[in-house]
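Below: the structure, in structure tokens.
The values are calculated or read from the model by the stated rules, or taken from the named source; none is laboratory data. This structure is a prediction, so every number in the text was calculated from the model and none was measured. Cβ coordinates were reconstructed from backbone atoms using ideal geometry, including for glycine residues, and neighbour counts include every protein chain displayed.
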Amino acid sequence: MGSGGLEAVAPTYLALDYAYKLRKQVACSVYIFHGNLSLAADRLEELYQAGRSAGVEFYRYQEPLLIDDQGGHKRIVYRDPFLPKHFPPLDIKVDQVVIAEDFLPPLEIRQIAALTGLMVGSDGFLSLERLPGISGQTNRPGIYCVGMAHGPARILELWDEIEAVRMDLLVKDMSIKAARDSAKISLFTQKKATAGKAAGLVAQVDPSRCALCLTCLRLCPHRAIELNECPERIDRGQLYQQTAWIHPLACQGCGICFAECPAQAINLVDLSTQNANEDLILLLYENGQLYRQGKQNQDSIERGLKKPVFSLLSLACSQSGFLAASSLPLIKLADDASYSNQLLAEVRVQAVPCAGQIDELMVLQSLSAKVDAVLVWPCYPEACHHRYGNLRARHRLRLTERRLGEIGLSERIAVAPLSGLSQSQLLDSITKMIDRLKLSKPVVIKKT
């Protein structure tokens, strides 16, 4: 067997299962030579213990094994990595040698990805959303990926994944019916349709300003944009009698098209604020403690605290940075040691559907709103809920930082990718920005 890891789950299971059955059903010796044997997947530890109890011998190797097949006799030369080098190697005569095979992605994977717009990982298999509790969900809502389609790592959990997908579809169907009954609207109207996703932002195109440059069509990670005939453009006799149209059921409100449209013909319409994420307030003290301020104690805390030395604004991806900030502990009056520690910084965390929505104007408006600096918390590379929104954001913010440098404000913006569990990295990004602000000169942006 190879070096182990998630990609070796399937061959590990087969090797342990067959070795146990051979040992129990046939009077023979069974040896398993392995690298780093990973037993984290379901049932592997159980099979491993059963094999050892049945007499299967396990040998861990570091140096490559020597497999000799001369004269019709097979033998394996094995050197134990835990013994001194002067010890002679172990020479084992065997009748059969079985080498673990690799699982390669089928050729159809690339075709499926190109047809559906799904992401392909570095291993050649389809990629899943890196969100806890969502089994099989891809970057395209409504398209699921289970079993070997996303690699052999979870081949043992195939039926569990299928059941999770069935339950997810059942819950979504119930929510769609509830939304239809309560709102009493057609699910296929452009202005009010919200089925299939959480109520919130939806992008809409202004046909009178659309230049039909196809920028949005090329960049949409959810394949939500089509070209439709536009009566308004036909009546006006414009050269192009089509316009970009965003399907309200497919749009996930990431804002990438809104930020990239050169004609500024796309707007983000807030269909409902019922489930909108409210801004969070984080409090950082001189002793390095970081807390989240809750609504119930906001007034009491504000009366007892001095004004913070620094005021920061964070534009955080709702799928990563905002989740990390939401999981920070709530501040309590007892936690503050009678407010003996100086309040170093107050950080207002504003959720955005995707970091790809953040543009230069949003950053400048934030800096003009009496904040000392802007932090951007996108997803990690290859972990974007909207495929490549984080990459678009990093590219755009590099240009923004360059332009801010021309007016002496390059140190007032920083980008730090986070996951929903990156509380330590979140604190690190705040403290690094404060260290930069301590060395910088005060700059005030006046509104015009």
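Annotations for the structure displayed:
- Strands (runs of 3 or more DSSP E) wholly inside region 174-248 containing at least 1 residues that are more than 16 Å from residue 267 (Cα to Cα) and at pLDDT below 80: 225-229
- Tally, over region 400-431, of residues that are out of contact with any strand residue (DSSP E or B) (no Cβ under 7 Å at 6 or more places or on another chain) and closer than 13 Å to residue 373 by Cα: 5
- With respect to (1) of a type in the set (Gly, Ala, Ser); (2) at pLDDT 85 or above; (3) farther than 23 Å from residue 385 by Cβ, the lone exception for residue 255 is condition (3).
- Exactly one residue out of 346, 382, 401 is at positive phi and either of a type outside the set (Gly, Ala, Ser) or assigned to a helix (DSSP H, G or I) (or both): that is 382.
- The residue that is farthest from residue 430 (Cα to Cα), counting only those in region 357-379 that are assigned to a loop (DSSP other than H, G, I, E, B) and among the charged types (D, E, K, R), is 359.
- Scanning region 58-70 for residues that are in contact with a Gly (Cβ under 9 Å, 6 or more places away or on another chain) and surrounded by 14 or more Cβ atoms within 10 Å (Cβ to Cβ) turns up 58, 60, 61.
- Beta carbons closer than 8 Å, at least 6 apart along the sequence or on distinct chains, pair a first residue in region 249-266 that is outside the structural domain of residue 393 (by TED's automatic domain parsing) with a second that is of a type in the set (Phe, Trp, Tyr) and assigned to a loop (DSSP other than H, G, I, E, B) for 249/188.
- Single residue of region 385-398 satisfying the filter (in a loop (DSSP other than H, G, I, E, B) and out of contact with any His (no Cβ under 9 Å at 6 or more places or on another chain)) that is nearest to residue 422 (Cα to Cα): 385
So that you can scan it fast, the table gives a plain yes or no per residue for (1) among the hydrophobic types (A, V, I, L, M, F, W, C); (2) touching a Phe, Trp or Tyr at 6+ places or on another chain (Cβ under 7 Å):
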{"residue": "65", "(1), (2)": "yes, yes"}
{"residue": "68", "(1), (2)": "no, no"}
{"residue": "73", "(1), (2)": "no, no"}
{"residue": "112", "(1), (2)": "yes, no"}
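- Scanning region 385-402 for residues that are surrounded by 24 or more Cβ atoms within 10 Å (Cβ to Cβ) and of a type in the set (A, V, I, L, M, F, W, C) gives a single hit, 393.
- Test: residue in region 37-51 that is within 19 Å of residue 99 (Cβ to Cβ), of a type outside the set (Gly, Ala, Ser) and over 41 Å from the mean Cα position of the chain (by Cα): no
- Single residue of region 338-384 satisfying the filter (of a type in the set (Phe, Trp, Tyr) and in contact with a Gly (Cβ under 6 Å, 6 or more places away or on another chain)) that is surrounded by the fewest Cβ atoms within 10 Å (Cβ to Cβ): 339
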